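Colleague: Here it is, the structure, as structure tokens.
The values are calculated or read from the model by the stated rules, or taken from the named source; none is laboratory data. Everything quoted here is computed from the prediction, not taken from an experiment. When we count neighbours, we look across all protein chains shown, and the Cβ atoms used for this are built from the backbone with ideal geometry, even at glycine. Only protein heavy atoms, including side chains, enter the accessible area calculation; ligands, DNA and RNA are left aside. Shrake-Rupley method; radii C 1.70, N 1.55, O 1.52, S 1.80 Å.
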Amino acid sequence: MAKQRNKSHKPQIALSTKGRHHDLIEIYNAMNWQHFNGKILVRITWGRKLRIPKRKHQSLRFGVCYVEECLIGIHRALDRSWVPRFFVEYVVFHEMLHLKHPPRRKNGRDNLHHEKFVAAEKKFPDYDMAMCWEKDNLNRLFFF
């Protein structure tokens, strides 16, 4: 998901890229060279460790891309031994796509996942496998 923030309120963020099980810099560099010819210039970090409250309709934002700050944050729920690297790669790839294919205005609203974005996203080599893994493991990711 891409977000825009007011640059005047830009807090300094200490980047945390080396997780217990996944190294975001390594994954980012691999995705950047494999899919973007090294042209996506962005900082990346694990998000803060948060407790996820139980809700009737649970959702989890795996990543966020702050376009104006050139910053990608990845949820720490993905830094577990049982989360496969291909899934973390997919999430990083997805967030990087927000920089290549920025939101389009439609009916007065930002459309983050427009047709061109979705078509590019489906070109991820393990897209189908990532979608299946997410569907099969989403509930498990809620327990931090």
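Colleague: For a quick check of your reading of the model, give me the residue pairs whose first member lies in the range 105-122 and is in contact (Cβ under 8 Å) with a residue 24 or more places away in the chain, whose second is open to solvent by less than 60 Å² (accessible area, probe 1.4 Å) and part of a helix (DSSP H, G or I), with beta-carbon atoms closer than 9 Å and at least 6 apart or on different chains.
Modeller: Pairs that qualify, where the first residue is in contact (Cβ under 8 Å) with a residue 24 or more places away in the chain and the partner is open to solvent by less than 60 Å² (accessible area, probe 1.4 Å) and part of a helix (DSSP H, G or I), are Leu112/His98; Glu121/Tyr90; Glu121/Phe93; Glu121/His94; Glu121/Leu97; Glu121/Tyr127.
Colleague: Is one or more of the residues making up the range 74-97 open to solvent by 50 Å² or more (accessible area, probe 1.4 Å), in a loop (DSSP other than H, G, I, E, B), out of contact with any Cys (no Cβ under 6 Å at 6 or more places or on another chain) and aromatic (Phe, Trp, Tyr)?
Modeller: yes
Colleague: Touching a residue at least 12 places away in the same chain (Cβ under 8 Å) and in a loop (DSSP other than H, G, I, E, B): does that describe Glu69? It would help to see each step written out before you state the result.
Modeller: On the way: touching a residue at least 12 places away in the same chain (Cβ under 8 Å): yes; in a loop (DSSP other than H, G, I, E, B): yes.
Considered against the rule, which asks whether it is touching a residue at least 12 places away in the same chain (Cβ under 8 Å) and in a loop (DSSP other than H, G, I, E, B), Glu69 comes out as yes.
Residues are listed down the side, and each one gets a yes or a no for (1) at pLDDT 95 or above; (2) not in a loop (DSSP other than H, G, I, E, B):
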{"residue": "Leu15", "(1), (2)": "no, no"}
{"residue": "His21", "(1), (2)": "yes, no"}
{"residue": "Gln34", "(1), (2)": "yes, yes"}
{"residue": "Arg48", "(1), (2)": "no, no"}
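Colleague: For Arg80, indicate whether it is within 24 Å of Met131 (Cβ to Cβ) and modelled with pLDDT of 90 or more. Talk me through it step by step, then tell me what you get.
Modeller: On the way: within 24 Å of Met131 (Cβ to Cβ): yes; modelled with pLDDT of 90 or more: yes.
Answer is yes for this residue.
Colleague: Looking at (1) modelled with pLDDT of 70 or more; (2) in contact with an Asp or Glu (Cβ under 7 Å, 6 or more places away or on another chain); (3) open to solvent by 90 Å² or more (accessible area, probe 1.4 Å), which is the one condition that is false for Gln4?
Modeller: It fails just one condition, (1).
Colleague: Now for a different question. Within the range 122-137, count every residue that is loosely packed, with under 13 Cβ neighbours inside 10 Å and not basic (Lys, Arg). So that I can check it myself, show each step before the final result.
Modeller: Taking the range 122-137 and keeping what is loosely packed, with under 13 Cβ neighbours inside 10 Å, we get 122-123, 128, 132, 135-136.
Now narrow it down to the ones that are not basic (Lys, Arg): 128, 132, 136.
Here the count works out to 3.
Colleague: Do you know which residues across the range 98-121 are modelled with pLDDT of 90 or more, of a type in the set (A, V, I, L, M, F, W, C) and surrounded by 14 or more Cβ atoms within 10 Å (Cβ to Cβ)? Show your work before the answer.
Modeller: Taking the range 98-121 first, the residues modelled with pLDDT of 90 or more are 98-101, 115-121.
If we keep only those that are of a type in the set (A, V, I, L, M, F, W, C) too, we end up with 99, 117-120.
Across the range 98-121, the qualifying residues are Leu99, Phe117, Ala120.
Colleague: Restricting the search to the range 81-94, which residues are in contact (Cβ under 8 Å) with a residue 60 or more places away in the chain and of a type outside the set (A, V, I, L, M)?
Modeller: Here is the first cut: in the range 81-94, the ones in contact (Cβ under 8 Å) with a residue 60 or more places away in the chain are 81, 83, 85, 88-89, 92-93.
Listed by number, the residues that qualify are Ser81, Arg85, Glu89, Phe93.
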